[in-house]
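Visitor: Here it is, the structure, as structure tokens.
The values are calculated or read from the model by the stated rules, or taken from the named source; none is laboratory data. Worth saying up front: this structure is predicted, and the values here are computed from it rather than measured. Cβ placement follows ideal geometry from the backbone for every residue including glycine, while neighbour counts extend to all protein chains displayed.
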Amino acid sequence: MKLIVRLVFALLGALAGSQVAASPGALPYDFLSSSPWARWALAIAVGALAGLLVGWIVAGPLVRAIGRVERAAQARPAGELVVGGVGLVLGLGAAALATFAVRPLPYVGRYLLLPLALVLGYLFAVVGARSQRSILRLGGFGTDEGRPEGRSDGRADARRPRRGGERERERERPAPLGMLVDTSAIIDGRIGDLISTGFVDRELVIPVFVLQELQRVADSTDPQRRARGRRGLDVVHDLRLSSHPVATPEVAVPDVTDVDAKLVRVAHDLDMPILTTDYNLNKVAQIQGVQVLNVNDLANALKPAVLPGEALRVKVIREGKEAEQGVGYLDDGTMIVVEGARDHIGEHVETEVTSVLQSPSGKMIFTRLAS
């Protein structure tokens, strides 16, 4: 990319040199005046070298700026980008019409043309991008009220068979929007296994401020916290090496300092769900109308169902909170509380399920020793 930028600047310099050569008396070398080919060659060569030098200086910052724009665009819905682009074109058209009234102004008329084009183009683009849902709906491209463009409730469609034309339209539907990932879901580590199963068809969007939070955790003086942060950075590295699409856009939320609050704000503005394992973030996001995909909820939902009266063989690991209780765990980590098993710590016992308690933190199974 840097090479392309340098070559473009070199080409622009060569074109500028050719314009200088075409101007009589522009070059200071009189002995070249009798040799037009030498004059043209010198002007183009000097212009190309000057352009190459400028390109060498600005290539790095320009490529980084282009990369930031690209990452920011990846985090935006396609409808917002399209409507924002149309708004920019309309704004520039409005600025072109306004020049007829501004140019005749004495002294400052011609100096106002460029600021006028920039301001109107920016305003039209921003208003169009922020109102893209309403604009698309007015144009007949939106979906049901309150539902993001490009997505529909598949439950109603699943109840009836799809005809050939509907199947073709189903293939033409745009891919689902991405999902934001917070630090807890990254540090948890199960996101890699979840992606490898192929059940997630959305792009993972990890904003730069989330990566910066992981870096701060990894630089902590607390050994456990530092280990968690480094594990999170390793998870992000593995995700970037996988075939699943992952974006790390630089999203600015200047008026918010807390990372979770930034994530909720971005999710609300972009109409994207949040993938997390944080219980508090889960509740705050739901209060603000943001969809949350909790890895813990998914893990609990996939645990095998256990019914009262079912027999379980459990190894008692430690004492329980109540008298005579023992505690064990299933292979998936589900806690088993065994009544009357305090004297069987370290042993495998046959138990009978009495009740199952489902809490936000997980599932607990209460059992008693089999008679």
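Visitor: Which one of these does G142 not meet: (1) among the small types (G, A, S); (2) at pLDDT 75 or above; (3) buried (at least 18 other Cβ atoms within 10 Å of the Cβ)?
Guide: (2)
Visitor: Out of the residues in the stretch 226-255 that are at pLDDT 90 or above and basic (K, R), state the one that is surrounded by the fewest Cβ atoms within 10 Å (Cβ to Cβ).
Guide: Per the stated criteria, the residue is R226.
Visitor: While we're on this one: May I ask you to list pairs of residues, at least six apart or on different chains, whose Cβ atoms are under 9 Å apart, with the first in the stretch 84-97 being assigned by TED's automatic domain parsing to the domain that holds A129 and the second being basic (K, R) and in a helix (DSSP H, G or I)?
Guide: G84/R130
Visitor: Go through the stretch 280-297 and count every residue that is out of contact with any Pro (no Cβ under 8 Å at 6 or more places or on another chain), among the aliphatic types (A, V, I, L, M) and surrounded by 15 or more Cβ atoms within 10 Å (Cβ to Cβ).
Guide: Summing the residues that are out of contact with any Pro (no Cβ under 8 Å at 6 or more places or on another chain), among the aliphatic types (A, V, I, L, M) and surrounded by 15 or more Cβ atoms within 10 Å (Cβ to Cβ) in the stretch 280-297 gives 4.
Visitor: Tell me which of these Y279 doesn't satisfy, since it passes every other one: (1) more than 24 Å from A299 (Cβ to Cβ); (2) aromatic (F, W, Y); (3) at pLDDT below 90.
Guide: The single condition Y279 does not satisfy is (1).
Visitor: Is it fair to say V295 is within 18 Å of P207 (Cα to Cα) and in the same structural domain as D193 (by TED's automatic domain parsing)? Spell out the reasoning first.
Guide: Details: within 18 Å of P207 (Cα to Cα): no; in the same structural domain as D193 (by TED's automatic domain parsing): yes.
The answer is no for V295.
Visitor: Go through the stretch 212-265 and give me each residue that's farther than 16 Å from I186 by Cα, small (G, A, S) and assigned to a helix (DSSP H, G or I).
Guide: A261
Visitor: Same structure, new question: When you scan the stretch 213-225, how many residues do you find that are crowded, with 17+ Cβ neighbours inside 10 Å and not β-branched (V, I, T)?
Guide: Adding up the residues that qualify gives 3.
Visitor: Can you go through G79, G91 and tell me which one is surrounded by 15 or more Cβ atoms within 10 Å (Cβ to Cβ), modelled with pLDDT of 85 or more and not aromatic (F, W, Y)?
Guide: Details: G79 fails: modelled with pLDDT of 85 or more.
Matching residue, one of G79, G91: G91.
Visitor: While we're looking at this one, here's another question. When only residues in the stretch 267-288 that are of a type in the set (A, V, I, L, M, F, W, C) and within 19 Å of L177 (Cα to Cα) count, which is farthest from the chain's Cα centre (by Cα)? Before the answer, list the steps.
Guide: So in the stretch 267-288, the residues of a type in the set (A, V, I, L, M, F, W, C) come out as 267, 270, 272, 274-275, 281, 284-285, 287.
Add one more test, that the residue is within 19 Å of L177 (Cα to Cα), and what stays is 267, 270, 272, 274-275, 285.
Details: A267: 9, L270: 10, M272: 9, I274: 10, L275: 11, A285: 17 Å.
Among residues in the stretch 267-288 that are of a type in the set (A, V, I, L, M, F, W, C) and within 19 Å of L177 (Cα to Cα), the one farthest from the chain's Cα centre (by Cα) is A285.
Visitor: Let me ask something else. If D258 passes every condition in (1) surrounded by 15 or more Cβ atoms within 10 Å (Cβ to Cβ); (2) without any contact (Cβ under 8 Å) to a residue 12 or more places away in the chain but one, which one does it miss?
Guide: Result: D258 passes all but (1).
Visitor: So E310 ticks every box in (1) more than 33 Å from the chain's Cα centre (by Cα); (2) assigned by TED's automatic domain parsing to the domain that holds R190 but one. Which box is left unticked?
Guide: (2)
Visitor: Looking only at the stretch 311-318, decide whether some residue is surrounded by 14 or more Cβ atoms within 10 Å (Cβ to Cβ) and in a helix (DSSP H, G or I).
Guide: No, the stretch 311-318 has no match at all.
Visitor: Sticking with this one: For I195, are the conditions met, namely being at pLDDT 85 or above and either farther than 27 Å from G87 by Cβ or not in a loop (DSSP other than H, G, I, E, B) (or both)? Break it down stepwise before answering.
Guide: On the way: at pLDDT 85 or above: yes; either farther than 27 Å from G87 by Cβ or not in a loop (DSSP other than H, G, I, E, B) (or both): yes.
The answer is yes for I195.
Visitor: Continuing with this model, one more query. Those residues that are within 18 Å of G309 (Cβ to Cβ) and either in a helix (DSSP H, G or I) or modelled with pLDDT of 90 or more (or both), I need them from the stretch 337-353; list them, please.
Guide: Scanning the stretch 337-353 gives V337, V338, E339, V349, E350, T351, E352, V353.
Visitor: Please tell me if G25 is outside the structural domain of V208 (by TED's automatic domain parsing) and modelled with pLDDT under 80.
Guide: Numbers: outside the structural domain of V208 (by TED's automatic domain parsing): yes; modelled with pLDDT under 80: yes.
Yes.
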